[in-house]
Amino acid sequence: MIEPTRRYAEILYHRTVERFIQRLVLREPVLRNLCIVSPFISPMTGSRYSLALLRAKIEREKIPTYVITREPIEPYQFEAAAVLEQCPWIEVRYNPSVHAKLYVVQSTRESESFALFGSGNLTSKSIERNLELGMMIYSVGPGRDLVKELHYWAAVRLRQLTESKLVQPIRPQRRN
């Protein structure tokens, strides 16, 4: 009997960013790093998966996290920046040109890595009210190279752009 191939891509029509966060939060494998590219980030207070919950996982598991966003101008953005600043494992860069929405998890087991790209910002509105579209890519079969490329774009190329100003570096601590 031939075993069916696991799907490497899935189109998401509903609560795209929430699905990514849910998968991230519920994952058991040790994560190498996390990349978040979103022009707008809110604290998502009151949402099932708040920014504080995400930050707690990052801090607890000591996950190096790279966040590229726009400089805050709205009160909710300043609140989100305050949440991110509390974690020594989160690097924040501001890029005024960023419009892309990309979320990438790199796991120590490559087959557990995954990425989401689409229209959804890391905000409550994007999760709860807006009509968003996204594609989740899993690091299996042809998805492996896609996840690697998306990770490279966020973690290396976008971070190295002159416009991507470092605001908060990761404050190194020893991983257990």
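FYI, it's all coordinate maths here, none of it is from the lab. The structure presented is a predicted model; accordingly, all values stated were derived computationally and were not measured. Using ideal geometry, Cβ is built from the backbone for each residue, glycine included, and neighbour counts are taken over all protein chains shown.
How charged is the neighbourhood of Ser97? Take every other residue with its Cβ under 10 Å from the Cβ of Ser97, and add Lys/Arg as +1 and Asp/Glu as -1.
Once positives and negatives cancel, what remains is 0.
When Lys and Arg each count +1 and Asp and Glu each count -1, what net charge do the other residues less than 10 Å away from Ile41, Cβ to Cβ, add up to? Can you show the working numbers first?
Numbers: positive: Arg70; negative: Glu79.
With Lys, Arg at +1 and Asp, Glu at -1, the neighbours total 0.
Between helix 75-85 and the chain, what is the angle of the helix's C-alpha long axis to the longest principal axis, kept within 0 to 90° and rounded to the nearest 10?
Helix 75-85 sits at roughly 70 degrees to that axis.
Would you list which lysines come within 26 Å of Lys165, measuring only between C-alpha atoms, while excluding same-chain residues fewer than 8 positions from it?
Hits, sequence-local ones excluded: Lys57, Lys62, Lys101, Lys148.
Taking K and R as +1 and D and E as -1, what net charge do the other residues with C-beta under 15 Å from the C-beta of Ala81 add up to?
-1
Give the long-range amide H neighbours of Val167: residues separated by 5 or more places, or on another chain, with amide H under 5 Å away, using H modelled in the peptide plane at 1.01 Å from N.
Amide H neighbours of Val167: Val92, Arg93, Tyr94.
Does anyone have the angle between helix 143-152 and the longest principal axis of the chain? Alpha-carbon axes, 0 to 90°, nearest 10?
The angle comes out near 20 degrees.
Name the residues whose placed amide hydrogens come within less than 5 Å of the amide hydrogen of Arg32, ignoring near sequence neighbours (fewer than 5 apart) on the same chain.
So Arg32 has HN proximity to Gln106, Ser107, Thr108.
Can you show me the helix-derived [θ] at 222 nm for the chain, built from DSSP H runs with n ≥ 4 at -39,500 (n - 2.57) apiece and divided by the number of residues, rounded to the nearest 500.
Computed mean residue ellipticity for the chain: -7500 deg cm²/dmol.
Take the Cα atoms of the chain, find their three principal axes, and give me the spread along each one in whole Å, biggest first.
57, 40, 31
Could you state the number of Å between the C-alpha centres of segment 93-172 and segment 1-71?
9 Å
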